[in-house]
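Coordinate-derived values only; no laboratory data. Here the structure is a predicted model, which means the values were calculated and not measured. With ideal geometry, Cβ positions are generated from the backbone for all residues, glycine too; neighbour counts draw on all protein chains shown.
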Amino acid sequence: MNPQENQALIAEIQKTKMQSYFFLALLMVGVFTTAYMINALNEAKRDIEEKTIMLEESNTLLAEQNKQIKDQKKRLEELGKQLQANGILKGNGGSNSENAVKKEKLLKELFSLVSENNSKIDVSNLSALSVSELEGLVKKANKEEQEHGIKRDKTIKQLFSKSEANRKDARRKLQKGCSLDKELISSTLTAFEGKVNLDNKESYYQFIYLLTQLSSDMLKPEATALNTFFEEAEKAGLNGASTKRDIAKIRSKMK
């Protein structure tokens, strides 16, 4: 093989090597692209599955919440009748008796406690009970109110857990057990004082989600405090596009 043929062969080999490198690079890009796409598809699948679970969970909790609202309405209507009955009794003789005055006071106190929805005492036929029996019910209702508050505050504290599972569990418990608790929002806002920052962003998002599930009656009394809270979170860089949509929903309920 003469030098000219030798040079041509070397050039051909170099060309072939370059083509091999090029096709190898294309193959690697294809492999990485395929792997990326598979990973993206798996992430999308997990996201869809998680959102489906959240939707099913939300529907279940909302059904329970609606039942609680109906039960609460029924209890308050029944207790209202008891108050009315007591008023009628006062108008039929003995209306100024010390016993009747005590009874009315106790019935009103029970109405206030039951309206907080943290006591499950039996409200039927209260007007037929004696003063001492009503005092016993008030004592029981106050104890239930206190126990509920302790349990609620403990669960709110769990919202700040480092574990995602614990945070979600806390949000579920609050939605299920405190969706009619007038102290829920204010107690949670108090727990967030000094903690509206990126370190607690996941806790913040769980609370926002919880708020989207609460009724207008729960949200409206706390509108001013919540708007201040949202503005603080905005300054802390916590309100992304999705969170802003949730906040818009919450604000629409507060109008």
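A few points about this structure:
- Ascending count of other beta-carbon atoms within 10 Å, so fewest first, for V29, V196: V29, V196
- Isotropically averaged projected area of the stretch 112-152, using the convex hull of Cα atoms (one quarter of hull area), nm²: 2.8 nm²
- The value of relative contact order for the stretch 161-233, using C-alpha pairs under 8 Å at least six residues apart, is 45 percent.
- Between the stretch 222-240 and the stretch 202-218, the alpha-carbon center distance in angstrom: 13 Å
- Separation of the alpha carbons by more than 27 angstrom is noted, of K81/K173; K73/K220; K103/K154; K195/K244; K120/K176, for K81/K173; K103/K154.
- Remark: the K140-E234 segment gains 29.5 nm on full extension, using 0.36 nm per residue and subtracting the alpha carbon distance.
- Ranked packing of 140-147, 166-173, most packed first, by mean Cβ within 10 Å: 166-173, 140-147
- Volume per residue of the convex hull around the Cα atoms, evaluated for the stretch 113-187, comes out as 78 Å³.
- Computed on the Cα atoms alone, the convex hull of the stretch 159-255 gives a volume of 86 cubic angstrom per residue.
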